[in-house]
């Protein structure tokens, strides 16, 4: 997976100082938030067996039930996330686990994965190594579409 030059140009078009990239509310923090929330949504879709705005899977009684807010401490300060919930309370997020309070190393890992153009399997391996998270190729494919 590589980031197209056009996407980078769009992300960096208002860059005037390092603060725009690294500061509070900067690109790195916003990108971390967007990728994390997108992956959490994909995890919930996998858990429920159907996508947002799609009909429920046959025999499924569980459904989406809004989002809860969570604040994680990370390299760029506090990161406010919206964590999706399910009605039955059986959804156990893997990328950001329940009761997790820190997101150490995640920013560096995201940039590294994008910069090196790693394959889906490579990214799975990196997430497993860093966070102990097992993710399916389908889930990784859904996560890599962030920003659409």
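Of 67, 33, 29, which residue is touching a strand residue (DSSP E or B) at 6+ places or on another chain (Cβ under 8 Å), farther than 26 Å from residue 112 by Cα and surrounded by 14 or more Cβ atoms within 10 Å (Cβ to Cβ)? Show your work before the answer.
Values: 33 fails: farther than 26 Å from residue 112 by Cα; 29 fails: farther than 26 Å from residue 112 by Cα.
One residue alone meets the criteria, 67.
Is at least one residue of the stretch 93-107 under 23 Å from residue 50 (Cβ atoms), at pLDDT 80 or above and more than 14 Å from the chain's Cα centre (by Cα)? Let's see the steps before the verdict.
Within the stretch 93-107, the first condition is being under 23 Å from residue 50 (Cβ atoms), and the residues that meet it are 93-96, 98.
The next check asks that each one be at pLDDT 80 or above; those that pass are 93-96, 98.
Cutting the leftovers down to more than 14 Å from the chain's Cα centre (by Cα) gives us 98.
Yes.
Residue pairs, Cβ under 6 Å, 6 or more apart or interchain, first in the stretch 12-25 and at pLDDT below 85, second in a loop (DSSP other than H, G, I, E, B). List them.
none
With more than 25 Å from residue 125 (Cα to Cα), modelled with pLDDT of 90 or more and under 16 Å from the mean Cα position of the chain (by Cα) as the only criterion, which of 69, 64 stands out?
On the way: 64 fails: under 16 Å from the mean Cα position of the chain (by Cα).
The match here is 69.
Hey, does the stretch 127-140 have a residue that's modelled with pLDDT of 65 or more and either over 12 Å from the mean Cα position of the chain (by Cα) or surrounded by fewer than 18 Cβ atoms within 10 Å (Cβ to Cβ) (or both)? Write out each step before concluding.
So the first thing to find is which residues in the stretch 127-140 are modelled with pLDDT of 65 or more, and the list is 127-129.
Going one step further and asking which of them are either over 12 Å from the mean Cα position of the chain (by Cα) or surrounded by fewer than 18 Cβ atoms within 10 Å (Cβ to Cβ) (or both), we end up with 128-129.
Yes: one or more hits.
The values are calculated or read from the model by the stated rules, or taken from the named source; none is laboratory data. Computed from a predicted model, the values in this text were never measured in an experiment. Using ideal geometry, Cβ is built from the backbone for each residue, glycine included, and neighbour counts are taken over all protein chains shown.
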